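Accompanying notes for the structure given below.
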Amino acid sequence: MLFTPLILALVCAVVPAFGQQDSATVMQTLQGTWSSGSGAVITGPMYANPANKTFGFPKNTGVCYSFTSDGHFESLRYRYNSNGTAPQCITGVILWIHGTVTVESNGSLVLNPLMDGYQQIQDPCAAVSNTIEDYNDAELYQAWQMFNDPTLGTELLLYSFDGSPVAPLRPVANGPNMLPTQLLRNDSAQATATAGLTTQNALAMNNGRRRWSVSGTMGALTVVFGVGLGSLLL
């Protein structure tokens, strides 16, 4: 299969560089606060209060990740889920989680929770229309890439455990904007150990869980990355 220069450029733009940077260098590169879309969703104290498991709601949906140079992360994600068979039953979900980042030898990222994460689900068609529950899944991002968009500037591209892309993230602060990096709520019933979590364990923990990758925007690039790159090698 032959590729035009444009397609080749797209392939080169999204192919991640595995195993070429040590953990300290990766975290120095990721340091800062990154938000999707309009940047309405921001980590830190503005919307999440994990001490009492409450949320304020951003004006728009989106995702935000914040990283420190010494390996901590925080994430806030807000989305709506449509229902094709019952259009009136739109579900709103907002989630907060924080913890530490493991940089694997192949360049993938594992987000290890501190076991005080939580999410709120609003479903007007459910028996209980408003629920708050714990969320403490380890999350694997098999690839990441800094991309320089000629119009929008620097973007952080994250690819989930299954290769699906998170919505492109743009810097909203040069430094981390986050709550304190220690445990902020002690729920003893859920305090399971996560020390020494590997990429394989994170992938296993994600099987059957709610997925938080926001796909669609980068779908065409994913096809180029997943299929086009393989064709280049034939």
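Nothing in this text is a laboratory measurement; each read-out follows from the coordinates by a stated rule. Predicted model only: the values in this text are computed from it and were never measured. Cβ coordinates were reconstructed from backbone atoms using ideal geometry, including for glycine residues, and neighbour counts include every protein chain displayed.
Once you place label points 7 Å from the Cα toward the Cβ at Asp137 and Asp70, how far apart are they in nm?
Each label point is offset 7 Å from its Cα along the Cβ direction, giving 3.0 nm.
If you place +1 on the Cβ of every Lys and Arg and -1 on the Cβ of every Asp and Glu, how big does the dipole about the Cα centre of the stretch 96-151 come out, in debye to the nearest 20?
Approximately 100 debye in magnitude.
So how do Val172, Val166 line up by other beta-carbon neighbours within 10 Å, fewest first?
Val172, Val166
Computed FRET efficiency, Cβ-Cβ of Leu152 and Ser23, R0 25 Å: what is it to the nearest 0.05?
0.35
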